[in-house]
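**Student:** Below: one structure in C-alpha cells.
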Amino acid sequence: MPDHNRRPSDPLTASLRPGAGRVWSGATSDALRRRVYLWAIVLGSGVLIVVWTMQLRRPAPDYYVLVGHPLLLLQCIWAAAWLLRGRALIVAERVVFVVNALAILVQMLMALIADQRQLLSLTSAAYWMLVALSILSFLIFSNKQALLFSAGFYGVSVALPWSALLARGSSLSTFSELARVQLTSGVVLVLLSILAWYRESFTVERGQRLSLEHLANTDPMTQVPNRRALYREIEHLLEGARTGGDGCLILLDIDHFKRINDTFGHNVGDEVLIWLASMIQDDLRETDAIGRWGGEEFLMTLPGLSAELGGQVAERLRLRLEQQAFGYGQQVTASFGVTCCTADDDLQSCTARADRALYAAKTAGRNRVAILPAAAAAFKDEEPARSAALLIVSEAKP
C-alpha cells in the first residue's frame with residue numbers, strides 16, 4: 001500500500017497518493033458566482049454610499065436616495081453575509097432580484113408624482129438599475145424568461161414617465177435627455193440579450209463537441225481513456241524523452257481473465273475491469289494516465305519516472321491488487337510489464353518493449369512485474385524471458 005508518510009516531493013510516493021489521477025475540476029460554477037456576486041456587492045455598496053453622501057450635501061436632496069439607498073445597502077450587507085456563510089445561492093439571488101425589481105418599480109411610480117426635474121433623475125437611475133437587474137436575470141433564469149422580464153420591465157419603465165408627462169400636458173420635445181437615456185439603456189439591453197443568446201449557443205455547441213470528443217477518446221465500459229487517447233499520452237512521454245526527461249510505460253494484463261468470465265459470467269468480468277481501472281486511477285498522480293489498451297490489458301504512462309521507479313510503482317499496484325479480494329470469493333491478480341522511453345523511441349518501439357516485458361512477466365508465472373530497459377531493444381530477436389541481464393522480474397509468487 002502507498003506510504004503516506006513519505007515526502008510529497010518523492011515522485012514515487014506522489015504517483016501513488018490516494019485521490020490523485022482524478023481530473024481537477026477547478027472552481028465550481030456556484031463558487032465562481034459567489035465570488036462575482038461578492039465583488040458586485042462591494043462595488044454596489046460603494047456606489048450607494050457615495051451617492052447617498054452626495055445627496056446629503058445638496059440643499060434639496062432626493063427623497064428616494066435618502067430612504068431607498070440605506071435600505072438597498074442593508075440588502076447588500078445581508079446578501080454578503082448570506083454568501084459568506086455558504087448558504088443557498090438561489091435564495092440570495094431571488095431575494096436580491098425581487099428587492100431590486102421593487103426598487104425600480106418604486107422609482108417609476110414616484111416619477112408619476114415627481115416634478116419634471118426629479119422625474120429625469122429618478123428614471124435615469126432606474127434604467128441603469130434595470131440593466132444591472134437584467135444581467136442578474138440572465139444568470140438565474142433561462143434566456144427566454146430573462147428576455148421576457150427585461151423587455152416587460154423596460155416597456156413599463158418607458159411608458160410610465162411619458163404617460164406622466166402627457167397627463168401633465170408637457171411638451172415631449174423638451175425631454176430629449178429622457179429619450180436619450182431610454183434609447184441608450186434599450187440598446188444595452190438588446191446587446192445583453194444577444195450576448196446571452198450567443199453564450200447559450202456557444203455553450204451548447206461546445207458541450208456537444210466535448211461530449212463527442214469524450215466518446216471518441218473514452219472506453220465506454222471503464223470510463224478511462226481508450227487506446228486512441230493513450231497514443232497522445234505516449235507521444236507526450238516521447239517528447240519529454242527527446243528533451244532529456246524521464247518517462248515510463250506500464251502495461252498490465254489481468255491474470256486468467258478468461259477463467260473469470262467462464263466461471264462467473266461476462267457481467268462479473270466487466271465488473272472486474274471497472275473495479276481495477278478505478279482502483280489504479282485513484283492511485284496515480286494527476287500527471288499520470290491509465291487507459292484500456294485492449295481486452296483485459298491496461299496501459300499507464302508515468303512522466304518523470306525512470307524504469308526503476310516505474311517498476312516500484314507497478315510492484316506496489318501488484319501487491320495492492322493481490323491483497324484485495326474483488327468479491328465472489330475471487331482473487332484478481334495481474335502481470336505488469338515496465339519499460340522507459342528514450343529519445344530514439346517511437347510509439348511502436350516503446351509499446352512493443354512494454355509488451356515484451358509483460359510477456360516475460362506472464363511467462364515467469366504471472367502476478368509479477370518485469371522491467372525491460374530500453375537497451376534490451378538491441379536484443380529484439382531474443383526471447384524476453386531469457387534476457388536475464390536486461391530483464392528484472394519481481395519475486396512475486398504466482
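**Student:** Can you work out which of the residues in the range 187-215 that are open to solvent by 90 Å² or more (accessible area, probe 1.4 Å) and charged (D, E, K, R) is nearest to Leu230 (Cα to Cα)?
**Tutor:** Glu213
**Student:** Sticking with this one: Scan (1) closer than 29 Å to Leu148 by Cα; (2) assigned to a loop (DSSP other than H, G, I, E, B) for the single condition Pro59 breaks and write down its number.
**Tutor:** For Pro59, the exception is condition (1).
**Student:** Just to be sure, is Arg227 surrounded by fewer than 21 Cβ atoms within 10 Å (Cβ to Cβ), in contact with a strand residue (DSSP E or B) (Cβ under 8 Å, 6 or more places away or on another chain) and over 20 Å from Arg356 (Cα atoms)? Full working, then the answer.
**Tutor:** Details: surrounded by fewer than 21 Cβ atoms within 10 Å (Cβ to Cβ): yes; in contact with a strand residue (DSSP E or B) (Cβ under 8 Å, 6 or more places away or on another chain): yes; over 20 Å from Arg356 (Cα atoms): no.
For Arg227, the condition - surrounded by fewer than 21 Cβ atoms within 10 Å (Cβ to Cβ), in contact with a strand residue (DSSP E or B) (Cβ under 8 Å, 6 or more places away or on another chain) and over 20 Å from Arg356 (Cα atoms) - is not met.
**Student:** If the requirement is being touching a residue at least 24 places away in the same chain (Cβ under 8 Å) and out of contact with any Cys (no Cβ under 7 Å at 6 or more places or on another chain), which of these qualifies: Leu84, Leu66, Leu102?
**Tutor:** Details: Leu66 fails: touching a residue at least 24 places away in the same chain (Cβ under 8 Å); Leu102 fails: touching a residue at least 24 places away in the same chain (Cβ under 8 Å).
Just a single option satisfies the conditions, and that option is Leu84.
**Student:** Here's a check for you: in the range 317-372, which residue that is basic (Lys, Arg) and in a helix (DSSP H, G or I) is most open to solvent (accessible area, probe 1.4 Å)?
**Tutor:** Start the filter on the range 317-372 by keeping residues that are basic (Lys, Arg), which leaves 318, 320, 353, 356, 362, 366, 368.
Applying the additional criterion that residues be in a helix (DSSP H, G or I) yields 318, 320, 353, 356, 362.
Details: Arg318: 9, Arg320: 42, Arg353: 9, Arg356: 41, Lys362: 64 Å².
Applying the filter and picking the extreme gives Lys362.
**Student:** Here is a further query. In the range 26-35, is there at least one residue being of a type outside the set (D, E, K, R), farther than 30 Å from Thr287 by Cα and at pLDDT 80 or above? Step through it out loud before you land on a result.
**Tutor:** Just the residues of the range 26-35 that are of a type outside the set (D, E, K, R), to begin with: 26-29, 31-32.
Then keep just the ones that are farther than 30 Å from Thr287 by Cα; that gives none.
No: the range 26-35 contains no residue that is of a type outside the set (D, E, K, R), farther than 30 Å from Thr287 by Cα and at pLDDT 80 or above.
**Student:** Among residues belonging to the range 282-308 that are among the hydroxyl-bearing types (Ser, Thr, Tyr) and surrounded by fewer than 22 Cβ atoms within 10 Å (Cβ to Cβ), point out the one that is nearest to the chain's Cα centre (by Cα). Step through it out loud before you land on a result.
**Tutor:** Our first condition is that a residue be among the hydroxyl-bearing types (Ser, Thr, Tyr); within the range 282-308, this holds for 287, 301, 306.
Now narrow it down to the ones that are surrounded by fewer than 22 Cβ atoms within 10 Å (Cβ to Cβ): 287, 306.
Values: Thr287: 16, Ser306: 31 Å.
Only one residue tops the list, namely Thr287.
**Student:** Which of the residues that make up the range 129-186 are of a type in the set (D, E, K, R) and either part of a helix (DSSP H, G or I) or surrounded by 19 or more Cβ atoms within 10 Å (Cβ to Cβ) (or both)? Let's see the steps before the verdict.
**Tutor:** The initial filter retains those residues of the range 129-186 that are of a type in the set (D, E, K, R), namely 144, 168, 177, 180.
Of everything in the range 129-186, those that are of a type in the set (D, E, K, R) and either part of a helix (DSSP H, G or I) or surrounded by 19 or more Cβ atoms within 10 Å (Cβ to Cβ) (or both) turn out to be Lys144, Glu177, Arg180.
**Student:** Let me ask something additional. So, in the range 265-281, exactly how many residues are under 25 Å from the mean Cα position of the chain (by Cα) and open to solvent by 50 Å² or more (accessible area, probe 1.4 Å)?
**Tutor:** Residues flagged as under 25 Å from the mean Cα position of the chain (by Cα) and open to solvent by 50 Å² or more (accessible area, probe 1.4 Å) within the range 265-281 amount to 4.
**Student:** On to the next question. What is the residue count in the range 51-95 for residues that are closer than 16 Å to Met129 by Cα and aliphatic (A, V, I, L, M)?
**Tutor:** Going through the range 51-95 one residue at a time, the tally reaches 6.
**Student:** When you scan the range 198-226, how many residues do you find that are in a helix (DSSP H, G or I) and modelled with pLDDT of 90 or more?
**Tutor:** Step one: of the range 198-226, the residues in a helix (DSSP H, G or I) are 198-217.
Retained after the next criterion (residues that are modelled with pLDDT of 90 or more): none.
Residues that pass the stated criteria total 0.
**Student:** Select, from Asp262, Asp255, the only residue that is open to solvent by 30 Å² or more (accessible area, probe 1.4 Å) and closer than 23 Å to Tyr359 by Cβ.
**Tutor:** On the way: Asp255 fails: open to solvent by 30 Å² or more (accessible area, probe 1.4 Å).
So the residue among Asp262, Asp255 that is open to solvent by 30 Å² or more (accessible area, probe 1.4 Å) and closer than 23 Å to Tyr359 by Cβ is Asp262.
The values are calculated or read from the model by the stated rules, or taken from the named source; none is laboratory data. A quick note: this is a predicted structure, and the numbers were derived from the prediction, not measured. Methodologically, a virtual Cβ is constructed for each residue, glycine included, from the backbone with ideal geometry; neighbour enumeration extends over all protein chains shown. Remember, those area values only see protein heavy atoms, side chains included, never the ligands or the DNA or RNA. Shrake-Rupley method; radii C 1.70, N 1.55, O 1.52, S 1.80 Å.
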